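The values are calculated or read from the model by the stated rules, or taken from the named source; none is laboratory data. The structure displayed is predicted, hence computed values, not measured ones. Please note: Cβ atoms are built from the backbone with ideal geometry, for glycine as well, and neighbour counts cover all protein chains shown. Ligands, DNA and RNA are stripped out before the accessible areas are found, and what is left, the full protein with its side chains, is counted by its heavy atoms. Shrake-Rupley method; radii C 1.70, N 1.55, O 1.52, S 1.80 Å.
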Amino acid sequence: MADDPTKPASDFLDQSEIDKLLAQSVESAAPKQHFVRANGERADVGSSFKVEAYDFRNPVFLSEIELRRLRILHEDFIRYLSARLSLFLRMELSLKMAKLTTVSYTKFTESLPSPTHLCLFKAEPLFGVGILDINPRLALTIADRLLGGRGHSVKAERYLTEIEVALMEDVIQIILEEWCAQWKSEQELRGLIIGHENNGRFLQTSPKDAIVLALTMEVNFGDCSEQIQIGVPYYTIEPLVKKMQARRQKDATVSKVEKHPAWQASYDRITVPVRAEWQAFELSLREIFSLRVGDVLEMPATQLQDTTVLFNGTPKFTGTVGLDTDRVAIKLTRKLPSGDSNHVKPDGRKSP
């Protein structure tokens, strides 16, 4: 049906008003979401803060920046450890980082192979117990080398004997010393072996939901290629990580302290050569060679009013030359800016 032209124009709605009414109806129909901040205050969705998903079953306490810094620290640890073990075993041993991540204590212990050799250690004075996992094939190969063998890979899959465990303690102590040495800029640590195990499923050194920083290294020793894992609870290294963050922030903060020039008493006896000169005119080389004693060089009378005063060869002022009783004096009239290009050096070249 056609619109009635006699109807008042105010009874019609334009497109913008229709869109506004539709938007209001949608907002009233949708429930308004609220968020609660850490301090207990309510906040709307449109507030100026970012909401991120968080998995409480697999929490991550380290940010990407912190994990990257720990990766750099452990790369240095692996490089130094590889060189030291090679010298100790008198045979090349190469290490490479395979993985550095954070996992729960349960997942870390469940991922340990069986059979394996586990060393429980502490980094005094920190709290918590760390786990060092060495594959038995690698441990037996290293033990064979320590007993004078050529370091050939041992194919047997078995637990280590007491003698082999005692031999491996020297190697494990080197690993702990190098790992503790990487934290010396934050705190002095001392690695201490507190026990050995051969099955990780029955370990109870940390709560099941504790977060562990797990480092996996690939080891190539002779014809043996296996892995070494180090698992340290996050609550153990948390004080060191906080100190690292504080030190990084302190180094990144540039102190803007305004320094004012001050006169020192030691400046009183320093002598500076002072010279006054004119830039009179230019002569050709032939005219200079034709000069003789007694020749008179005419200079303009205004030249006396444009005398340059130099301190230690650097032009600083211009002035007027005059007589003060029986002495020649210069009255300073203007201070020259730094790097004045009008000054001519003694070698005849102008200052740059």
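Summary of computed values
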item: Verdict on residue 205 being hydroxyl-bearing (Ser, Thr, Tyr) and not in a loop (DSSP other than H, G, I, E, B); result: no
item: Search result, residues across region 130-162 that are touching a Gly at 6+ places or on another chain (Cβ under 9 Å), outside any strand (DSSP E or B) and β-branched (Val, Ile, Thr); result: 141, 142
item: Selection within region 135-148 - surrounded by 14 or more Cβ atoms within 10 Å (Cβ to Cβ) and within 16 Å of residue 163 (Cβ to Cβ); result: 136, 139, 140, 141, 142, 143, 144, 145, 146
item: Residue identified as among the acidic types (Asp, Glu) and either crowded, with 20+ Cβ neighbours inside 10 Å or free of Cβ contacts under 8 Å to residues at least 12 places away in the same chain (or both) among 188, 177, 157, 197; result: 188
item: Test: residue in region 119-140 that is farther than 23 Å from residue 204 by Cβ and more than 39 Å from the chain's Cα centre (by Cα); result: yes
item: First in region 104-115 and on the phi < 0 side of the Ramachandran plot, second anywhere and assigned to a strand (DSSP E or B) and of a type in the set (Gly, Ala, Ser), Cβ under 6 Å, 6 or more apart; result: 108/214; 108/231
item: Qualifying residue in region 120-128 (condition: basic (Lys, Arg) and buried (at least 18 other Cβ atoms within 10 Å of the Cβ)); result: yes
item: Search result, residues across region 61-86 that are under 13 Å from residue 101 (Cα atoms) and either of a type in the set (Asp, Glu) or touching a Gly at 6+ places or on another chain (Cβ under 9 Å) (or both); result: 64, 66
item: Conditions (1) under 24 Å from residue 158 (Cβ atoms); (2) exposed (fewer than 13 other Cβ atoms within 10 Å of the Cβ); number of the one not met by residue 90; result: (1)
item: Options 272, 219; residue that is open to solvent by less than 90 Å² (accessible area, probe 1.4 Å), closer than 30 Å to residue 133 by Cβ and not charged (D, E, K, R); result: 219
item: Region 96-114, subset open to solvent by less than 30 Å² (accessible area, probe 1.4 Å) and in a strand (DSSP E or B), residue nearest to residue 78 (Cα to Cα); result: 100
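For (1) within 13 Å of residue 119 (Cβ to Cβ); (2) of a type in the set (D, E, K, R); (3) not in a helix (DSSP H, G or I), each residue gets a yes or a no:
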position	(1), (2), (3)
187	no, no, yes
191	yes, no, yes
214	no, no, yes
241	no, no, no
244	no, no, no
